[in-house]
1. Hey, could you check segment 558-586 for residues that are in contact (Cβ under 8 Å) with a residue 60 or more places away in the chain and over 33 Å from the mean Cα position of the chain (by Cα) and say which is nearest to Leu474 (Cα to Cα)?
2. Under the condition of being crowded, with 20+ Cβ neighbours inside 10 Å and under 29 Å from Ala668 (Cβ atoms), which residue from segment 603-620 is nearest to the ligand (Cβ to nearest atom)?
3. Could you list, ordered by first residue, the pairs with Cβ atoms under 7 Å in which the first is in segment 398-409 and free of Cβ contacts under 8 Å to residues at least 40 places away in the same chain and under 18 Å from Leu483 (Cβ atoms) and the second is part of a loop (DSSP other than H, G, I, E, B) and open to solvent by less than 80 Å² (accessible area, probe 1.4 Å), at least 6 apart or interchain?
4. Any chance segment 43-60 includes a residue that's under 20 Å from Glu236 (Cα atoms) and over 21 Å from the mean Cα position of the chain (by Cα)?
5. Can you list the strands (runs of 3 or more DSSP E) lying wholly within segment 18-106 that have 3 or more residues being touching a strand residue (DSSP E or B) at 6+ places or on another chain (Cβ under 7 Å) and open to solvent by less than 10 Å² (accessible area, probe 1.4 Å)?
6. Please return the ranges of strands (runs of 3 or more DSSP E) entirely within segment 300-419 where 1 or more residues are among the charged types (D, E, K, R) and over 21 Å from the mean Cα position of the chain (by Cα).
7. Among residues belonging to segment 269-294 that are touching an Asp or Glu at 6+ places or on another chain (Cβ under 9 Å) and open to solvent by 40 Å² or more (accessible area, probe 1.4 Å), point out the one that is farthest from Arg54 (Cα to Cα).
8. Would you pick out the residues in segment 489-544 that are at positive phi and either within 16 Å of the ligand (Cβ to nearest atom) or at pLDDT 95 or above (or both)?
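The values are calculated or read from the model by the stated rules, or taken from the named source; none is laboratory data. If you're wondering where the values come from, they're calculated on a predicted model, not measured in any experiment. No Cβ is skipped: glycine too gets one built from the backbone with ideal geometry, and neighbour counts run over all protein chains shown. Ligands, DNA and RNA are excluded from the accessible area calculation, which covers all protein heavy atoms including side chains. Shrake-Rupley method; radii C 1.70, N 1.55, O 1.52, S 1.80 Å.
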Amino acid sequence: MTYGHFDAAAREYHITRPDTPAPWANYLGSPAYGAIISNNAGGYSFVKSGAAGRLIRYRFNEQDKPGRYIYLRDDETGDFWSASWQPVGKPLDAYKSVCKHGTGYTVLESEYKGVKAEVCYYVPHNAEREVWRVKLTNTGQAKRRVSAFGFAEFTCESYYEQDQVNLQYTQFITRTYFKDSFILQTINENCLNAVNESRVETRFFGLAGAGVDSYCGDRAAFLGKYRDYGNPVSVENGKLDGTLNYNLNPCGALHTKLELAPGESASFAFLLGQKREAQAKDLITRYADTALPDREINELKTFWHGKLANLTIDTPDERFNNMVNTWNAYQCFITFNWSRAASLIYCGQRNGYGYRDTVQDIQGIIHLDPVTALEKIKFMVSGQVSHGGALPLVKYNHNPGKENKPEDASYQKETGHPSYRADDTMWLFPTVWKYIAETGDVNILDENIPYADEGSDSLYNHLLKAIDFSLNHLGIHGLPAGLHADWNDCLRLGANGVSVFVALQLYYAFEIMTRFAAHKADAGTEKRMSELKARFGKIIEERCWGGDRFVRGVTEHGEVVGKKTDPEASLWLNPQSWAVISGFADEGRGKAVMELVREQLNTKYGARLMAPSYRKHAFDGALALLFNPSTKENGGIFLQSQGWLVLAEALLGRGGRAFEYYLESCPAAQNDIADIRLMEPYVYSQFTESVDSPFEGRSHVHWLTGTASTVMVGCVEGILGLRPDLNGLRLSPAIPAGWSGFTMEKVFRGKKLSIKVKNPNGKEGGFTKLYVNGQAAEGNYIPAAILKDENEIVLEM
Ligand code: GLC
């Protein structure tokens, strides 16, 4: 079944059947004020943190309710419906709707019995409030009397968990008031006049551009006894009864009555935010200008489309174009902004940025917005401890120079993270490399950045400290210890057991540092790094090569994980792809292990993280055993790893394979099997259930996942072959032989590049000629120095 399609020009996804197999969501706002909204207007809003700044209520794991509901009622017949199909849920033969998810806004259009409703939900650019702009039109032949009701269910307090569980407290701290055009909710309001004003919170739900005919501030009164969001008694009655909340559950509900002549429209807006009374009043006055929302929505489009325009591709595959140009890119910004904090799955209890998660997320936006990327790079580097390891979680209120370390009991208590992970700082190498290669900003290596606990150092020395950390934490055979986890949260290899994934990352880190040191003419470091690379290369060859595959690790007791003879988990994906990415495996070895991956791990929805799944033979630290077979780390298709797989195949020049793998797990390519995949066809998931599951193909954990950035890198550097380095840009596309070519518009170091790739001979990789502004160039390399403001580049494969 198909529920919708992409609108490439508008950068939107249109959902034409509202009964999607799961809530299909979008994100609004910025880190200052965020909102998540489903295609049926479900979801929630928060100031800064989904956990600690929650404004409206959402019940996890209960479909997508409640949400930002607008009820409509025919005041002649009493029939009522909602501007989103749910929560009232009229029969779909009579109720028509389209949900248009765009970049930072969502439009819900519906038509029912001659009344057309168009609601645009958005958070204005750089603002801390949200707007539900409503336009109602009478599409019939007769005059209509229609009532519109806006409804928002406030949380009793900002801390989401307290709001849900501590009812003996939270229900008694809040009340609501009616103030002419808005409902004002106060929390701990007595403190306003007395001891501690900062404890007081006030929120409002208002109506601008139309008069309020009735109101309600109490959820129970709004819904009525034994009723639900689908049939509130007050909507049924056509009037809100004016009850205000004093204890129990607050809400904002406002009603306006309209008379619409045939063809006539009315526009107004509901507003929501955490504001003081005077600010709320002021905003409602401003939004009496019903043209304001249009200007604000355009501003949002300009903002997002401007960022996305820094790379635009036009290939023969529309699915690929839609993902790279808009949806995968937009998801990268969303993960960059919200890490793993707020979605319909994540409740946001984590009060910070996971180290590895965010350092990887940054990679997804570097090619589009390196300036924003750099801020976050510096922030994350300041989460590194002075001995080189990283805080597994960098808190939102991170205070560089003053933080406790993971070895301190206080840090563990505050964050729930007991100790170091082996891979955290290893992600800095590809991320910093990508940033510097994209921008040419090598001087950033000299910038002084604080450590989390004490002192500060240049970025260059921070990176060297990261290497020291690994060298100071070696286990069996002198390989990097696995510690509490490596990239895989479910591998506890400990202080003596070792991680092959991290060994390969470290190998790659030596290479990056060799390049940086060479550039800085730091001969001592250059020599040391290349010696270390050779030394570790030798150990990897001796200890990590299992004859026909790279093994995954060695346990504390010396047991090798991921060898051919293992009854379970005998082949692991990441060490194979990373052997290629890190540069450790030569072409022959790389191709051979990739062949094995294809034979033993690949499925129609992507390659499994490992196989066979653990059932009976897991070692002590293999937490994957906790999951059902073919699920998550236990032999599921972990989608982040597909990005590395795509990249590895592309680096080997095998465009056909790279693209085939890409399509296996590409959301847009699964648009027509939404009932199998369940999730949004424009969003990557964390994982897909695989062959052992009765629900093979079902995907989970939408939006906030490392998949977004890793697949993006696989596309940009891998398939599209945009591979910048310190001095310029190498073009090495790896595409299906069937593509006769493609074009890209890229902004690179402030210069415009119009790149045309021609593939007359049906190749999958490599090149024959490169022309830059009509001049034949050497190899496939474009030195940054020869670029003009605008450049015509032609690469012939
Ligand atoms: C999830 C976590 C990430 C981890 C991965 C594999 O994506 O957010 O930190 O590396 O799972 O276990």
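1. Ranking the candidates gives Gly558 first.
2. Leu609
3. Between residues of segment 398-409 that are free of Cβ contacts under 8 Å to residues at least 40 places away in the same chain and under 18 Å from Leu483 (Cβ atoms) and residues that are part of a loop (DSSP other than H, G, I, E, B) and open to solvent by less than 80 Å² (accessible area, probe 1.4 Å), the close pairs are Pro406/Leu391; Pro406/Pro392; Pro406/His417; Pro406/Ser419; Pro406/Tyr420.
4. First, pick out the residues of segment 43-60 that are under 20 Å from Glu236 (Cα atoms): none.
Checked against the condition, which is being under 20 Å from Glu236 (Cα atoms) and over 21 Å from the mean Cα position of the chain (by Cα), segment 43-60 yields no hits at all.
5. Here the list reads 25-30, 33-38, 43-47, 69-74, 95-101.
6. Values: elements: 311-314, 352-354, 393-395.
Result: 311-314.
7. Result: Lys281.
8. Ala521
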